[in-house]
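Inspection log for the structure reproduced underneath, given as structure tokens.
Read-outs throughout are calculated quantities, based only on the coordinates presented, and are distinct from any laboratory measurement. For clarity, every value in this text was computed on a predicted model and none was experimentally measured. A quick note on method: Cβ atoms are made from the backbone with ideal geometry, for glycine too, and the neighbour counts reach across all protein chains shown.
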Amino acid sequence: MPDHTKSVCEQRVFEEVFNTHSKTIRNFIYYKCGDSAQAEDLAQDAFVKLWNNCAKVPFEKAKSYLYTLANNAFLNEVAHKKVILKHQKSVTSIATHESPEFIYREKEFKGELDRAIANLTEKQREVFLLNRIESKKYKEIAEMLDISVKAVEKRMHGALVSLRSEIKHFKK
Amino acid sequence: MKHQNDDTYLAKWLAGEMPENELQDFKKSNAYADYKFLIDVVDGLETPDYNQQENYTATLDKIAKQQEKPVTKVRTLIPNWAYAAAASVVLFLGYTFFFQETTYNAELAEQTNFELPDGSEVLLNAGSEIAFNTFNWENNRTLDLTGEAYFKVKKGSKFTVITKEGSVAVLGTQFTVNSRNDFYNVTCFEGKVKVTSGKLNHILTPGNAISIQDHIATPYTTIETVPSWTAQESSFNNVAISQVVTELERQYSITISGKENLQDAYFSGRFSHTNLQQALITIFDTMEIPYTFDANSNVSIQKY
């Protein structure tokens, strides 16, 4: 049930909104621009704007307001350059006792994967990574981006097909 | 496979929404192994570390910073938790607030109209200037005037207009003050106006005016309900001809030569702000002052 008594103008509420959404918004922009410092800067700016307009933005709308601001800020400020995302953690979940050969293959694969992700369209990339890394459901992503669930599904599908065709590993 | 033409089936598979029979088929295909491996790797990826506390602090800093900038419009949304940051800028803000003088002026041949912080209206006549301090305006309605202005004052605290020649104090009213060199004229249209000039104190009621020239106060009455100059005219009641000529220069933004030829005389009447030739006839012809006027709007007063 929407809580009409919560105002973003209250520091407690503002902080709660920040803690709930700031990381995902940072990553949302990061998936687009590939620069984590810039992504953090734009995410902070979105929250500053939310604060400035807190009286006009109901609590329930704060999330979509933030995504819209972040998206606009990205479109306005970030040149559409090639995006290479630097992923922090290597893949340790697949196997725990790897042979040197496996580790080498895995590194090679990761390099290819990074390039393949970079070659996705911006729209495919943001949807794909929001789903896989941020664990956002299609419906949530559709709301964030203001598109249909069907459009999200198409982008997800397209991203997977594109990744598979880009990675040489799969062409053996 | 029937899903081959479907451009969302991989999305359905990832979401666990693929129908069981299709899933069985899909699992048998070569593509399935590739996609499964791909997703396993992707799901192990992480984005760069994110320090939430640091980012929150940075956001608060940005909010506090934008309040440091000199504020021209009143910000009502000052986060109470930003007071710690705001306190360090109080001196700076205080300085600009206390000493911030707002100035309005009307260039030659134009009139400027504006509202004071309390909603009182001011119309400035050509070549005039008003300066006031917006800080604490509601309690200290005092402004400095050079030239001529028409005031519609909202009810409230004492409203004072200070000029070189004296001051005018009122409570909610409409009046004009004209303070040019050696000439001081106040006309009351509504309410009550107290005029102070040197030792002289005079209270004006609607329809009454006072002009002070050479330290001699001359009260007179007017039937005007608004100053004539707000309607593209200047009107005069027994005003030195030199003042009238100066007003003519202001309203048309021209320079009239040969003013030294003017002899002492007093003019009562009005001239238009829209037709210079007509205005010249009105003033000089009626006063029998010889003058020349050429195509380039050069006006010269002859010896007489």
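Can you give the average number of partner chain beta-carbon atoms within 10 Å of each beta-carbon in peptide A:130-142, as a whole number?
On the way: counts 0, 4, 6, 6, 1, 1, 0, 1, 6, 1, 0, 0, 0.
Partner-chain Cβ atoms within 10 Å, mean over residues of A:130-142: 2.
Can you tell me which of A:129-139, A:51-61 comes out highest on packing, and rank the rest after it, using the mean Cβ neighbours within 10 Å?
Working: A:129-139: 18.1, A:51-61: 15.9.
Those peptides, ordered most packed to least, come out A:129-139, A:51-61.
Take the alpha carbon atoms of the range A:6-60, find their center, do the same for the range B:173-225, and report the distance between the two centers in whole angstrom.
60 Å
Against the longest alpha carbon principal axis of chain B, how many degrees, from 0 to 90 and to the nearest 10, is the axis of helix B:30-43 turned?
Roughly 50 degrees, rounded to the nearest 10.
Hey, what's the Kirkwood Rh for the range B:148-266 if you take every pair of different alpha carbons, in angstrom?
On the way: mean 1/r = 0.0670 Å⁻¹.
For the range B:148-266, inverting the mean 1/r across all distinct Cα pairs yields 14.9 Å.
What spacing in nm lies between the two simple spin-label points modelled at A:N72 and B:T274, each 7 Å away from Cα in the Cβ direction?
Here the modelled spin labels are 4.5 nm apart.
Using only alpha carbon pairs under 8 Å that are at least six residues apart, calculate the relative contact order of the range A:11-77 and give it in whole percent. Can you show the working numbers first?
Numbers: 43 pairs, mean separation 23.7, N = 67.
Once normalised by length, the contact order is 35 percent.
Provide the packing ranking of A:154-163, A:5-14, i.e. peptides ordered by the mean count of other C-beta atoms within 10 Å per residue, highest first.
Working: A:154-163: 21.8, A:5-14: 15.7.
Those peptides, ordered most packed to least, come out A:154-163, A:5-14.
For the ranges A:118-127, A:28-37, B:105-114, B:250-259, what's the packing order if you count other beta-carbon atoms within 10 Å of each residue, average per peptide, and put the highest first?
Details: A:118-127: 18.9, A:28-37: 21.2, B:105-114: 15.2, B:250-259: 16.7.
Ranked by mean Cβ neighbours within 10 Å, highest first: A:28-37, A:118-127, B:250-259, B:105-114.
Stretched out fully, how many nm does the piece from B:S300 to B:K164 gain, at 0.36 nm a residue minus the Cα gap? Mind dumping the intermediate values first?
On the way: separation 136, 0.36 × 136 = 48.96 nm, distance 3.03 nm.
Gain on extension, B:S300 to B:K164, equals 45.9 nm.
Which one, B:I210, B:L45, B:I283, is farthest towards the positive end of the dipole of chain B when Lys and Arg carry +1 and Asp and Glu -1 on their Cβ?
B:I210
Just add up the charged neighbours of B:S157: K/R +1, D/E -1, any other residue whose Cβ is under 12 Å from the Cβ of B:S157. Write out the running numbers ahead of the final one.
Numbers: positive: B:R141, B:K154, B:K155, B:K158; negative: B:D118, B:E138.
Residues near B:S157 contribute +2 overall.
Of A:K110/B:K27; B:K199/B:K303; A:K136/B:K36; A:K63/A:K123; A:K61/A:K136, which ones are farther than 29 Å apart at the Cα? Present the calculation step by step, with values, prior to reporting the outcome.
Numbers: A:K110/B:K27 24 Å; B:K199/B:K303 39 Å; A:K136/B:K36 19 Å; A:K63/A:K123 20 Å; A:K61/A:K136 18 Å.
Listed pairs above 29 Å: B:K199/B:K303.
Quick one: Cα convex hull volume of the range B:219-266, Å³ per residue?
Values: hull volume 3.5 nm³, N = 48.
Once divided by residue count, the hull of the range B:219-266 is 72 Å³.
How big is D, in µm² s⁻¹, for chain B by Stokes-Einstein at 20 °C and 1.002 mPa s if Rh is the Kirkwood radius over C-alpha pairs? Working shown, then result.
Numbers: Rh = 25.4 Å.
For the chosen part, D equals 84 µm²/s.
Could you grab the relative contact order for the range B:233-304? Cα pairs under 8 Å, six or more apart, rounded to a whole percent. Kindly include the intermediate steps, with their values, before the conclusion.
Numbers: 98 pairs, mean separation 25.5, N = 72.
Dividing the mean separation by the residue count of the range B:233-304 yields 35 percent.
Counting each DSSP H run of 4 or more residues in chain B as -39500 (n - 2.57), what helix-only mean residue ellipticity at 222 nm follows after dividing by all residues, to the nearest 500 deg cm²/dmol? Could the numbers behind the result be given before it?
Numbers: 8 runs with 78 residues, N = 304.
Theoretical 222 nm ellipticity from helices: -7500 deg cm²/dmol.
Give the average, rounded to an integer, of partner chain Cβ atoms located within 10 angstrom of each Cβ in A:19-32. Let's see the in-between values first.
Numbers: counts 3, 0, 0, 5, 5, 2, 1, 5, 4, 0, 0, 3, 1, 0.
Average per residue, whole number: 2.
Would you mind getting the Kirkwood hydrodynamic radius of the range A:100-171 from its Cα pairs, rounded to one decimal in Å? Write down the numbers at each step before the final one.
Working: mean 1/r = 0.0771 Å⁻¹.
13.0 Å is the Kirkwood radius here.
Pulled fully out, how much extra length does the chain show between B:D6 and B:K155, if you take 0.36 nm times their separation in residues and subtract their Cα-Cα distance?
Numbers: separation 149, 0.36 × 149 = 53.64 nm, distance 7.45 nm.
So the chain would gain 46.2 nm between B:D6 and B:K155.
Partner chain Cβ atoms within 10 Å, averaged over the residues of A:149-156 - can you pull that number for me? It would help to have the intermediate numbers written out before the result.
On the way: counts 3, 3, 1, 3, 10, 3, 3, 7.
Mean shielding by partner chains, rounded to a whole number: 4.
What does the charge count around B:H202 come to, taking other residues whose C-beta lies under 12 Å from its C-beta (Lys +1, Arg +1, Asp -1, Glu -1)?
Numbers: positive: B:K192, B:K194, B:K199; negative: none.
Residues close to B:H202 contribute a combined charge of +3.
Note down the nm distance, to one decimal, between modelled labels 7 Å out along Cα→Cβ at A:K150 and at B:D25.
Modelled inter-label distance: 2.1 nm.
Could you work out how much longer the chain between B:D40 and B:I254 gets when fully extended? Use 0.36 nm per residue separation minus the Cα distance between them, nm to one decimal.
68.6 nm
Could you work out the relative contact order of chain B, using alpha carbon pairs under 8 angstrom and six or more residues apart, expressed as a whole percent? Spell out each step's value before the answer.
Values: 475 pairs, mean separation 24.3, N = 304.
The value is 8 percent.
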